[in-house]
Amino acid sequence: MTADKELYGVVAEFKDVTALYRAAEKVRDAGYKKWDCHSPFPVHGLDDAMGMRFTRLPWVVLIMGITGLLAGMYLQYWTNAVDYTYDISGKPVWSLPANIPVIFEVTVLFSAFTAFFSMWIANRLPRWYHPLFRNERFSRATDDSFFIALHAKDKKFDLAASTALLNENGALQVEEVFEANEPSAMPAKIKGNLLVVTCLMLIPPAMVYASYGSTTTEPRVHLIPDMDKQDRFRAQGETDLFEDGRMTRDQVAGTISQDQRFIHASLETGKENGEYVTSFPQQVDVTEAFIDRGQERFEIYCGVCHGEDGKGTGLIHHRAVELANLGHATWVPPTNITAGAIGTQADGYLFETISDGRRTMPGYAAQITAEDRWAIIAYLRVLQEVESMNALSPEEMAALGASARGSVLFEKYTCNACHKFDGTYSIGPVLSNFLGSEVKLDSGETIVADEAYFTESIIDPAAKTREGALKGAMAVPGGPPTAEEIVDLLEYIKTQK
Amino acid sequence: MSFEKLNLKGNNQAGDVAPKAMQIGLILATLGLGLGVALGFMNGEEDGHTHFWFAYLVAFAFLLTITLGCMFFTVIQHMVNAHWSVSVRRLSELTMANMPLVAICAIPLLVPLFSDDVSVWKWATMEHDANGAVISPEEAGHSAGAEVAEANHAPAEQHAEGGHSKAEELAHAEHIEFTSHKFPFLNRNFFAGRLLLYFLIWMGVSRYFFKKSVEQDTAPNYDPTLAVKRKSAVTIILFAFTISFAAFDLLMSLDETWFSTIFGVYIFAGAFLSAVAWIIIMSKYLQKNDRLTEVIHEEHYHDLGKWLFAFTFFWGYIAFSQFMLIWYANLPEETHFYEARLTEGWSTWTWCLLVFHLIIPFGGLLSRHVKRNTNVLLGWAIYMLVMQFIDLYWIVMPNYHRSEIGFENPFGLMEISLVVGMFGVMVFGVARRSAKQALLPIGDPLLAKSLRFRNI
Amino acid sequence: MASSTSVDQLDIFPEELVQGENDFHSVTEMVCGVLEAPKPPKSWYVIFTTAVALLGVLGAMILYLITTGVGVWGNNQPVAWGWPIVNFVFWVGIGHAGTLISAVLFLFRQDWRTGINRFSEAMTIFAVICAGMFPAIHVGRIWVIWWVFPIPNQMSMWPNFRSPLLWDVFAVSTYFSVSLLFWYMGLVPDLATVRDRAKTKAKKFWYGLFAMGWNGSNRHWHRYERAYLILAALATPLVLSVHSVVSFDFATSQLPGWHTTILPPYFVAGAIFSGFAMVLTLSIPARKMFGLEELITLRHIDNMCKVIMATGMMVGYAYSMEFFMAWYSGNAYEGFTFVNRAFGPYWWGYWIMVSCNVLTPQIFWWKKARRNLALVFIISIFVNIGMWFERFVIVVTSLNRDFLPSSWHYFSPTWVDVLTLLGSFGLFFTLFMLFCRYLPQVAISEVKNVMPQAHPHLDDH
């Protein structure tokens, strides 16, 4: 056996814990600092016998635990309340009660890992080589024997004296321990291999880094297809299913797409050659059932405003007047569609009104099919027919006085919808007071509302509009009335107070 | 192992500390209770002194939970064969032996229970119709249900007679409808009967365990200890159910539409916590008066401190579970408990409970050095007792003056004096009994191990 | 002179933790002999081969599941959580006993834990592996399971931390890693023991590598013991929290039968209950097979039975509280749920649960029963059957019949469900058998620490 390198120290074996304890006390009292006891299990009280200082491990764990607590809190706050927030059943984006469990777990995680790793680090383990392992008896340190090792580097160490101290205090035997003769530096072969392996291991991250931010024409490697890329129609896409390679195909001749309809002009638009049709299109069959359908549809869609009797006083009208009376709204009343003037409007004109709306009435083309709209019109004609049965004949009209005639006309042309005389909500000016008063117009000039002004307004309501009036609100359906009718109307108005 | 008799050092008899402590207890009791009663009754309150009775309930619950906690402490030590606690076990036994006195303190609670003018447990007066005549639960339920149905159809602005708005009437009727099915359980007679049963059981258990422990002091063998150990497991089961149902009766039913299955465990956590705190206080007091100086040392305080810490955490865990689950599911039938405690008058108190009952003592009791420094530990023990009172007050008092305008927090001198008074009652009772036997179980077979164990 | 029987006296003065004429060396020999034996006992081969076969079944089932889809299971609407979640809770629960024995009993200075703690910590780790597998495979797209962790992904989305399912992810991962660390830390001194006795170069290398160069230094032991205590003190609330978080999966919902505040401590008690039963199921045969009867003694068995009784009582208490509140609350759905559990379509599961969890452990009131190994073994299996059924009853009955009768639908498991559960036992036992063969089953240094020879006999003691 060649001479070993240097003396590490001496190691002594003891037969039981009591002997170890007593000996340790003596070594401590002798002033040794670099020494240790070795036992198969932690011996109670040995820390004090060795004069050891209490470890600072708990403080490190505490600090890391608090760090973990804050980390857990911040993680949840930042991810859920700042970076990508979304509402989960109305809970606040930073819900502390819901975040407590994860905060707790992260705290424990940090603390536990700290306790574990800092213990090994503080113990300077792993340390697979130790000179004491070269001592044969020492293998019993993990079995059933007890040892004290004094290191040669200690100030108080003296081979003879230290050996004597141990022998005096119950050592079964004391042996010298030498460091190994082999150099402690890593052999070149292992170093070389490690270097090669490290370089090889750096290649993948380097490739990742190189490709970061770079572009490529190749599609990404898609390992698990899921349902991410499915063959489907894409406008202007390519395919080899067809000769021309296009995904977009022309419409096959003689077919229509699903939502396409034959545009029968009069059925769909109420017009033919630009003119309103005056009769029902041939595609609809005006039977009693058809009219019943029209009634049903009318009551669903139209009755709320126009009233189930069609006179323009539906529920919405009542409600709107209520609000208007409180000053919360203005309201142009729905037309009385049984009025005579409406009866003179062409079927196609009515169709256009229902489809696209008229003035403040919205269009119902989206809600009501074309056939149903014609059905409604059929029903309207019935209502109008009923009303006209009560209308006065031209002879009866002629027999009436001017103002009486004017009153009938006032109703026929639905003027009474907007111009009231009885103090109820009237969006149009109360004409009795209005006549003869001064009016400020939109253009800025002030005129007198005389009969000429009235006549002009009836024929062309938009000619001279008052300042602040509701634009486009006034209309004369089925009009304009004839000159004689206008005279009658004026007479009627003059009689009202 | 053979029977051995230990040679104990130090003064382990109460001697003249007992009358001294009795005096302290008596003074605290009379001053506290006296002042409390005076404040409660001489205010001329119209509500039948309901406020006083709520405050009394808080103080009583404080006394009861400490006593029950000590009872559990004693029995569990026997059940698990613990040897560290033997040195201090007589102190917890003395506290639990006080149970008859606690029962006497329970008797005044019959006044708010049976009186029609006092409204502590509101279900007690719900069985009565508007004229005060008793109606059966089914009738109450039906009439309430009918009222609710009727009210739901009537237009909103209609006012009933008596000046209450229809909304109030509706809420009241709904309330009765939701509570009426509980009347077979929540009625005055059954409640009082259950209370009697609990106390009979508790008095029986505490008397038995105390008697046997004292017997062991002078017995020639270990028979008393063995007898007690055999019965300890069943006793724990009995304890678990009685404390839970007592908690439901006295505390949970204050809000008759609320419920929580963990409530019994919650009260138990606070009870054990305050019992451990009380044991620390007793030990320190006696040691300051030169008793038990050789038999209770840092290791015992360290262990008591560990339990104080552990149960602070456990209390927090139970309280958090209850809160978080109710918060998360957000069911109005459960959340109103917490909503009440987050209204203006109470939210500060609730936050204080979280911070001062959980977070601060958790941090404070973490270090082993704190637990081994007996003076600091004493401070924490007193602190935790105060926190237990805060917790009980927080559970009970928001039920006082429940109204649409909000829940009042009427904390004042009356509450403090009453709880101090109850504390004095406990001190008096414990001190009175302490002179009659040794201050630790000198005959206990595990006492030797208790004296020499070491913490890591 | 004692007038009571010596058996009763055991209540106060229990028998020695290490039986027989043993000293430190014989303890080392007993434990290391198991893994140093050239061949394990025949029974080991039988169990190991069966386990590996079942593991193969598990692998096949998982492969089938991944390639075909979650529809191979019996999960339906409304019972969207079927056997996989029941199995998850079952396995996680079993794991809790190990941590309790290691950590909580350590804090309570219960020295008897040293005979079984290594064993049960290993059981914990394997049980948590089995448990964690189930949520992973039940999500459907297992290849994106990494989305449950707060790792940046291509959608820039983060997990929803307000969900108890996510708390589960953190709780179970933390539990697994901390248990692993704790177990490994305990192993190191024992690995050093095995290293120092190793005869072959391979054994020396591998045991030496993992022994980290441990040499029994007292300075190392000091920090080691502190870290051990800290880990024990951390593992205690951790074990409470893990099964509480698992219970939050159910309790945070609004389902009757699920949403109840007592669920967290109830689940924890139930977990410890089933975990100890599994420890018994494992240790009673193992002590015989591997000759460890002097280290895992009747006292250990007795104490474990007592823990089972205590936790079983806690579970019974929780049942009672739930029943009472189901009536007291006046909530018609809650009341129905409990009636339905007992008398509805799954009444058989309910009564199995009650008889196995509440009734069968009652036999442990008698000391003779606690020390009758065959009886304890049988009861421990019943307890685990009961606890599996408890989770089954909780999950399935509350989902199967909840608020709206039109949504009610019966659930039956498929053969894939059944084989997956059986296969998970295969995984567990394979790992466990490997542990028994290659690692020291008993914590050698800790057992030595609680022998009477370990205490220095100084004058003032």
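Read-outs: derived from the displayed coordinates by stated rules, not from any lab. Please read all numbers here as calculations on a predicted model, not as lab measurements. Neighbour counts run over all protein chains shown; Cβ positions are idealised from the backbone, glycine included.
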Cross-link partners of residue B:284 among aspartates and glutamates (Cα-Cα below 17 Å; sequence separation of 8 or more within a chain): B:16, B:93, B:294, B:298, B:299, B:303
Length-normalised contact order for chain A - Cα pairs under 8 Å, 6+ apart - percent: 13 percent
Rounded, prolate or oblate (a/c below 1.5 giving rounded, otherwise prolate when a/b exceeds b/c) for chain A by Cα gyration tensor: prolate
Subset of A:440/A:471; B:306/B:449; B:122/B:182; A:34/C:204; A:15/C:201; B:9/B:288 violating a 22 Å alpha-carbon distance limit: A:34/C:204; A:15/C:201
Distance from segment C:373-417 to segment B:426-454 (C-alpha centre basis), Å: 49 Å
Two-site label geometry, residue C:289 and residue C:406: point separation in nm, points 7 Å out along Cα→Cβ: 5.5 nm
Counted charge near residue C:210, where neighbours are those whose Cβ lies closer than 13 Å (Asp, Glu -1; Lys, Arg +1): +2
Environment charge of residue A:160, counting only residues whose C-beta is closer than 13 Å and scoring Lys/Arg +1, Asp/Glu -1: -2
Charge dipole (the protein assembly as shown, unit charges on Cβ, about Cα centre) - positive-most of B:92, B:401, B:108: B:92
Filter on B:20/B:212; C:39/C:306; B:20/B:371 - keep pairs with C-alpha separation over 32 Å: C:39/C:306
Percentage relative contact order, chain C, counting C-alpha pairs under 8 Å, at least six apart: 32 percent
Pairs beyond 24 Å (Cα-Cα), from A:5/A:155; A:26/A:153; A:5/A:153; B:211/B:231; A:33/A:191; A:464/A:494: A:33/A:191
Most to least packed among A:179-188, B:83-92, C:161-170 [average Cβ atoms within 10 Å]: B:83-92, C:161-170, A:179-188
Within the protein assembly as shown, helix-based [θ] at 222 nm, where runs of 4 or more DSSP H residues each add -39,500 (n - 2.57), nearest 500: -18500 deg cm²/dmol
Within segment C:355-407, chymotrypsin sites (Phe, Trp or Tyr not before Pro) in DSSP loop having at most 16 other beta-carbon neighbours inside 10 Å: C:366, C:403
Radius 9 Å from Cβ of residue A:9, net charge of other residues (Lys, Arg +1; Asp, Glu -1): 0
Total charge dipole magnitude, segment C:252-410, about the Cα centre, Cβ charges on Lys, Arg, Asp, Glu only, Debye to nearest 20: 540 debye
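To the nearest 20 Debye, how big is the dipole of segment A:376-497 about its Cα centre, given +1 on the beta carbon of each Lys and Arg and -1 on that of each Asp and Glu?
It works out to roughly 380 debye.
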Percent RCO, i.e. relative contact order, over segment A:371-439, from Cα pairs under 8 Å lying at least 6 residues apart: 13 percent
Lys, Arg +1 and Asp, Glu -1 on Cβ, resulting dipole of the protein assembly as shown about Cα centre, debye, nearest 20: 9020 debye
Averaged over B:231-242, number of beta-carbon atoms from partner chains that fall within 10 Å: 2
Ordering of A:445-454, C:217-226 by burial proxy (mean other Cβ atoms within 10 Å per residue, highest first): C:217-226, A:445-454
Centroid-to-centroid separation of segment C:211-250 and segment A:321-335 [C-alpha atoms, Å]: 77 Å
